[in-house]
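I have placed the structure first, in the form of structure tokens, so that the comments after it can refer back to it.
The values are calculated or read from the model by the stated rules, or taken from the named source; none is laboratory data. Bear in mind that the values here come from a model prediction, so they are computed numbers and not experimental data. Heads up, the Cβs are rebuilt from the backbone with ideal geometry, glycines too, and the neighbour counts pull from every protein chain shown. Only protein heavy atoms, including side chains, enter the accessible area calculation; ligands, DNA and RNA are left aside. Shrake-Rupley method; radii C 1.70, N 1.55, O 1.52, S 1.80 Å.
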Amino acid sequence: MSLDVEHLIRQYGHLEGRELLAALVAGDLAGRIAVTSSFGAESAVLLDLVAQVDPGLPVIFLDTNELFDETIAYRSQLEAILGLTNVLAVHPSEAELKEADELWREDHDRCCELRKVRPLARAVKGFDALVDGRKRAHGAERENLATLSDGGGVLKVSPLAKWSAEEIEAYFVKRSLPRHPLVAQNYRSIGCWPCTRPVDPGQPLRAGRWAGKGKSECGIHTMSLGLDGAGI
């Protein structure tokens with residue numbers, strides 16, 4: 001039986017934050033929901049909510065083989081502090097890595113597809129709902145983001161969609177959450193090292209991603225994730 005995404009949106013679309021997570025994890029999606037996390041600049045907030053609801057919930061961490069060393073260390077730190085017990089590292093295949101090589105120099109879209117989109121599409125098969133940390137405050141394609149949306153037969157869950165930058169900061173302080181080491185160097189959105197830069201004061205949060213390339217998304221949040229999604 002296919003997932004009735006529209007029904008779930010009607011039933012839970014008024015919720016957000018921890019309440020939304022708790023309702024979905026305890027409801028019909030129990031055992032069929034996973035979290036995707038970059039362990040980036042703001043990831044601790046979502047992961048702290050996840051840990052409060054169910055520290056054993058699968059957390060899919062996409063390791064592209066081009067991440068900052070600080071991100072790898074931050075992942076271990078958050079796992080230990082928050083008590084997350086089911087973080088699953090996902091990697092591109094050897095063939096994908098060979099083809100990707102230094103594609104980031106000339107074809108960012110293809111590089112993202114090989115290092116991120118394809119590996120994630122394989123990893124999320126079997127899950128009916130995927131939780132992410134996207135927010136409207138990130139701007140660009142995310143300005144009208146809903147807490148729940150249809151990802152091609154998979155329920156996409158963005159519990160923090162409506163949270164402002166000020167609310168994220170207040171939560172960090174309230175919960176005494178550790179910061180990603182690169183935040184102190186003005187990195188506001190952190191992905192692969194070749195395509196991530198610090199931002200200047202007043203610049204949009206994601207201005208440091210693929211700077212000057214006219215690109216703002218890697219594709220993992222815009223691809224169809226249903227049974228026929230991505231063709232993988």
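For region 158-205, filtering for residues that are in contact with a strand residue (DSSP E or B) (Cβ under 7 Å, 6 or more places away or on another chain) and modelled with pLDDT of 95 or more leaves 1.
The set of residues in region 81-100 that are closer than 29 Å to Ile33 by Cβ, in contact with a Leu (Cβ under 8 Å, 6 or more places away or on another chain) and open to solvent by less than 30 Å² (accessible area, probe 1.4 Å) comprises Leu82, Leu84, Val90, Pro92, Glu96.
Kindly establish whether Arg122 is more than 30 Å from Ala26 (Cβ to Cβ) and either in contact with a strand residue (DSSP E or B) (Cβ under 6 Å, 6 or more places away or on another chain) or touching a residue at least 60 places away in the same chain (Cβ under 8 Å) (or both). Outline the logic, then answer.
Details: more than 30 Å from Ala26 (Cβ to Cβ): no; either in contact with a strand residue (DSSP E or B) (Cβ under 6 Å, 6 or more places away or on another chain) or touching a residue at least 60 places away in the same chain (Cβ under 8 Å) (or both): yes.
Criteria not met by Arg122.
For region 124-147, a residue qualifies if it is surrounded by 20 or more Cβ atoms within 10 Å (Cβ to Cβ), outside any loop (DSSP other than H, G, I, E, B) and under 14 Å from the mean Cα position of the chain (by Cα), and the qualifying residues are Ala129, Leu130, Val131, His138.
Name every residue in region 101-118 that is at pLDDT below 90 and either among the hydrophobic types (A, V, I, L, M, F, W, C) or open to solvent by less than 40 Å² (accessible area, probe 1.4 Å) (or both), in order of residue number. Leu103, Trp104, His108, Cys111, Cys112, Arg115, Lys116, Val117, listed by residue number. Against the conditions (1) open to solvent by 60 Å² or more (accessible area, probe 1.4 Å); (2) at pLDDT below 95, Ile72 satisfies every one except (2).
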